[in-house]
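The block underneath contains the structure these notes are about, expressed in structure tokens.
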Amino acid sequence: MMRGMLRAAVFTVGAVALAALAAGPALAQKQTVVIYTAIENEQITDYMKAANKTLPNLDVKMKRLSTGDISAVFMAEKDNMQADVIWGVAATNMIVFKNAGLLEAYAPRGLDRAQPLFRDKADPPSWVGIDIYMSAFCFNTEIAKKHTLPAPASWADLTKPVYKGHVVMPNPASSGTGYLSVASILQRMGEPEGWKYLDALNQNIAEYTKSGSKPCKDAAAGERAIGVSFEYVALEMKKKGAPVEMVLPKEGSGYEMEANALTKKGAKNPAAKQFLDWAISDEAMGLYAKYFAAVGVAGFPVPEGLPKDISKVVYPNDFDWSAKNRDRILAEWQKRYAK
């Protein structure tokens, strides 16, 4: 969405199936596809185990960075495009890419199964969503006891003086999670009041991190009391035994959508389209549904610990507004809070 550790990772698909090898050199030839993504590293590893088996003819070269960083790289390469596929990058950024003329419209196989919210409105679409992630606070109960901190229940709570120096959140310029939180606050409160709120919140911030998952990981490690992050990381840290609780703010969590797209370069690469077809298949959706409460195709079980109906806990995101105003909002944010 969007966020994560600033480290590029390359994942190469495993050996060609024995049947293909037996059929001769022509069938054994792999097709290279270059994929840019902001999906969390541990999720990529899980997803690609399945993709490797289902798509043995593909040689996948993958670059992974936080949402803002992978988007900046992709935009900077517009005149010498390297990526064939964008996989799991925030829909807000996909709209920016589309408006810049960097995407090729493509309807992946099985698109008719996708819920209407999870796709570009154009036909064929320039992007297709795969899952929704939402802002959540990671609250370290042990650090809270040490400093006599009450559990926060809302965005408003985070501005209370008791939390000064105990809150960490992502930088919206580099993190999709950071931007969704800021954009959601500005949409919900209106810009004048929203910026006043962010001014007050800034007084309590100990650090703005480069990635969206790091605030929660810092809270889980006991380095901070409260990390503004997203729900997957909060639950993952708790599963691993960290003394953290996930808090979905009562005013509504901001949310974003991880989405896929075919690039202008990838339009000429059949392997790119093959990967995008797989990326919205039932197999892929079942993998996404292990981590997220809402995925592009309805009917998958919700992971334990997440709300059964996220419409009751999220504040609606106007993706077009978020995309149109992104540069202006980030410039204003940097002017006010960048150190």
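The fraction of accessible area contributed by carbon and sulfur in the chain is 55 percent, rounded to a whole number (1.4 Å probe; ligands and nucleic acids excluded).
The angle separating the long axis of helix 176-189 from the principal Cα axis of greatest extent in the chain is about 50 degrees. Taken over region 253-312, the percentage of Cα pairs per 5 Å bin, counting from 0 up to the bin with the maximum distance, is 4, 17, 22, 20, 14, 11, 7, 4, 1. Kindly provide the pair-distance distribution of region 156-203 built from C-alpha pairs, with 5 Å bins from 0 and whole-percent values in order of increasing distance. All Cα pairs considered, the percentages come to 5, 22, 27, 27, 16, 2. Placing dummy labels 7 Å off each Cα toward the beta-carbon, the span from Gln82 to Glu245 is 4.5 nm. Kindly give Rg over Rh for the chain, based on alpha-carbon atoms, with the Kirkwood expression for the hydrodynamic radius. Taking Rh as the inverse mean 1/r over Cα pairs, Rg/Rh reads 0.99.
Cα centroid separation, region 258-304 to region 209-239: 25 Å. Using the alpha-carbon atoms, what tilt in degrees (0 to 90, nearest 10) does helix 67-76 show relative to the longest principal axis of the chain? For 67-76 against the chain, the angle is about 50 degrees.
Coordinate range of the alpha-carbon atoms in region 166-292 per principal axis, descending: 51, 40, 25 Å. Annotation: amide H of Ile205 within the under-5 Å range of Gly165, sequence separation 5 or more or interchain, hydrogens built in the peptide plane. Here the extension length gained between Val73 and Glu142 equals 20.9 nm, from 0.36 nm per residue of separation less the Cα-Cα distance. Accessible area per residue for the chain, computed on protein heavy atoms with a 1.4 Å probe, is 41 Å². A cut-off of 5 Å between modelled amide H atoms, ignoring neighbours fewer than 5 places along the same chain, links Arg224 with Ala219. Working note: Debye formula, equal point scatterers on the alpha-carbon atoms of region 181-234, no solvent; log10 I(q)/I(0) at q = 0.26 Å⁻¹ is -1.02.
Can you give the FRET efficiency to the nearest 0.05 for Lys164 and Asn99, using r as the Cβ-Cβ distance and R₀ = 41 Å? Don't skip to the end; give the middle numbers.
Details: r = 40 Å, r/R0 = 0.97.
So, using R0 = 41 Å, E works out to roughly 0.55.
What angle, in degrees between 0 and 90 and rounded to the nearest 10, separates the Cα long axis of helix 41-54 from the longest principal axis of the Cα atoms of the chain? Orientation of helix 41-54: about 20 degrees from the principal axis.
For region 249-265, putting each phi into the Karplus relation 6.51 cos²θ - 1.76 cosθ + 1.60 with θ = phi - 60° gives couplings of x, 5, 6, x, 7, x, 9, 9, 10, 7, 9, 10, 7, 9, 7, 4, 5 Hz, in residue order, rounded to whole numbers and with x for Gly and Pro.
The values are calculated or read from the model by the stated rules, or taken from the named source; none is laboratory data. Note that the structure is a prediction, hence the values are computed from the model and not measured. Glycine gets a Cβ as well: all are built from the backbone with ideal geometry, and neighbour counts include every protein chain shown. Just the protein is used for accessible areas: all its heavy atoms, side chains included, with ligands, DNA and RNA removed. Shrake-Rupley method; radii C 1.70, N 1.55, O 1.52, S 1.80 Å.
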